[in-house]
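Below is one structure, written out as structure tokens; comments come after it.
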Amino acid sequence: MGTYSFYLTSRNNAAGCKINWQAMNTDKLFKFRPLKKSYTIISNLEELAEEFDETKLFGYHTEELMDALNELAKGLEPYGCFPRLYFKWEGAKSMICYEFIPGSHFNVSVCDYKEGEKLCDLPEKEGWYSV
């Protein structure tokens with residue numbers, strides 16, 4: 001089952017973050033279907049985030065998904081920024097942020113979110129905590 005996740009926005013030039021698909025272990029990466037579908041077709045992190053829109057990204061926040069996202073982070077080419085992707089999910093009053101450290105790993109943060117809040121203000125609001 002699971003719930004749908006919705007892509008909201010990004011920060012730190014996610015469009016400038018190039019993906020080196022050949023640098024990744026596909027056994028880990030393909031455990032999350034949208035990554036398998038995007039393999040070698042999507043060229044940057046912003047486009048990939050758009051592919052995650054209306055998927056069950058959080059409905060299956062499993063160890064396998066975390067491994068797949070860590071593998072993705074390892075395949076991102078460093079470019080002087082740590083891109084962040086922001087999502088909300090169906091039925092939740094929280095927003096989640098994935099911050100990628102290209103070539104290394106990713107971090108997860110959560111913040112309360114009320115429907116109707118201005119989207120442009122959410123990434124900068126206080127109250128984020130790491131999970």
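The values are calculated or read from the model by the stated rules, or taken from the named source; none is laboratory data. Keep in mind that what you see is a predicted model, and the values were worked out from it rather than measured. Cβ atoms come from the backbone with ideal geometry, glycine included; neighbour counts cover every protein chain shown. With ligands, DNA and RNA removed, areas are computed over all heavy atoms of the protein, side chains included. Shrake-Rupley method; radii C 1.70, N 1.55, O 1.52, S 1.80 Å.
Express the carbon and sulfur contribution to the solvent-accessible surface of region 1-85 as a percent, rounded to the nearest whole number, probe 1.4 angstrom.
Its accessible area is 47 percent carbon and sulfur atoms.
Shape verdict for region 34-96, please, from the Cα gyration tensor: rounded (a/c under 1.5), prolate (a/b greater than b/c) or oblate.
Judged from the Cα gyration tensor, region 34-96 comes out prolate (a/c at least 1.5, a/b above b/c).
Pop out the ³J(HN,Hα) list for region 17-33 in order, Karplus 6.51 cos²θ - 1.76 cosθ + 1.60 with θ = phi - 60°, rounded to Hz; leave Gly and Pro as x.
Result, ordered by residue: 8, 7, 9, 9, 4, 5, 7, 10, 7, 5, 4, 7, 4, 6, 6, 10, 3 Hz.
Please turn the phi angles of region 65-72 into ³J(HN,Hα) values with the Karplus equation 6.51 cos²θ - 1.76 cosθ + 1.60 (θ = phi - 60°), one per residue in order, whole Hz, x for glycine and proline.
5, 4, 4, 5, 5, 5, 5, 4
What's the ranking of 42-52, 27-37 by average number of surrounding C-beta atoms within 10 Å, highest first?
Peptide ranking by packing, descending: 42-52, 27-37.
Starting from 0.36 nm per residue, how many nanometres of slack lie between residue 92 and residue 43 once their C-alpha separation is accounted for?
The span from residue 92 to residue 43 would gain 14.6 nm if fully extended.
A 18 angstrom limit on the alpha carbon distance is what I want to check against. Which of 31/74; 28/88; 37/93; 18/88; 31/93; 28/74 exceed it?
28/88; 37/93; 18/88; 31/93
Rounded to whole Hz and in sequence order, give me ³J(HN,Hα) for region 79-86 from the Karplus expression 6.51 cos²θ - 1.76 cosθ + 1.60, θ = phi - 60°, writing x for Gly and Pro.
Once rounded to whole Hz, the list reads 8, x, 9, 10, x, 10, 10, 10.
How many nm separate the modelled label positions at residue 6 and residue 107, each set 7 Å beyond the Cα in the direction of the Cβ?
2.7 nm
Please say if region 1-43 is rounded, prolate or oblate, where rounded means a/c under 1.5 for a ≥ b ≥ c the square roots of the C-alpha gyration tensor eigenvalues, and otherwise the choice is prolate for a/b larger than b/c and oblate otherwise?
oblate
If I model a spin label at residue 53 and residue 13 as a point 7 Å from the Cα along the Cα→Cβ vector, what separation in nanometres do I get?
Simple spin-label model gives 2.3 nm for this pair.
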